[in-house]
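To keep things clear, I will list the structure first and then write my remarks on it.
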Amino acid sequence: MLVLKSKRTIVLSGISGIGKSTIISELNRTLVFEHLQASALIQKFFQSKQEQNYTSEQLRTGNIEENQIALSEALKALPSNKNYIFDSHTVIDTPDGLVAVEPTIFEPATPKHFIFLFEPPVIIQQRRERDHTRERPERSTEQITEYQNLALINCAMIATHFNVPMTVLSTSKISEIAELAQNYFTQSM
């Protein structure tokens, strides 16, 4: 197993149901990094403030602005001597519609590269229908297309904000994702 030597944060983004968790599980087999999941960081922040324990669905349908502030604060509290893959969304599918995540939310993570996972919408729809472990709103192929396109555009805008690269890959390109992550993690600061 490769031991990583310097702090780097890679943001792995894509819409709900694309397969970010699956990719990260695969990457954990050959790379050493801490997996940051936005919903888990928000939940941990609220728990530290002795507030209610929220489910991912409650966070998705709750006060997005409050959640984003909590996420930013949780990211600020992370140690600076580790490598991270930040499993995150650039657009959130709320009951009131699609909400773009502001670039400033990512600042405490100091992203070095954004990887956007992209698949044909019909594939994403099938994955979402098969995954009974998470609550997700039912969306048509057309709605998933709109969601994915907006998320891709916002991811590009956020990467541009940080002046860092963005790579768009299919979830089937696990070896390319692993190589990219390994290269970023092993670069000298």
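Which residues, taken from region 76-91, are of a type in the set (A, V, I, L, M, F, W, C) and modelled with pLDDT under 90? Scanning region 76-91 gives Ala77, Leu78. I'm told Glu179 meets every condition in (1) loosely packed, with under 14 Cβ neighbours inside 10 Å; (2) among the acidic types (Asp, Glu); (3) under 22 Å from Ile69 (Cα atoms) except one. Can you identify the failing condition by its number? It is condition (3) that Glu179 fails. Scanning region 162-183 for residues that are within 17 Å of the chain's Cα centre (by Cα) and either under 18 Å from Val91 (Cα atoms) or assigned to a helix (DSSP H, G or I) (or both) turns up Phe162, Met166, Thr167, Val168, Leu169, Ile174, Ile177, Ala178, Leu180, Ala181. Just one of the listed residues (Thr90, Thr141) is buried (at least 21 other Cβ atoms within 10 Å of the Cβ) and not acidic (Asp, Glu), namely Thr90.
The values are calculated or read from the model by the stated rules, or taken from the named source; none is laboratory data. As the structure is a prediction and not an experimental result, all values here were calculated from the model. Please note: Cβ atoms are built from the backbone with ideal geometry, for glycine as well, and neighbour counts cover all protein chains shown.
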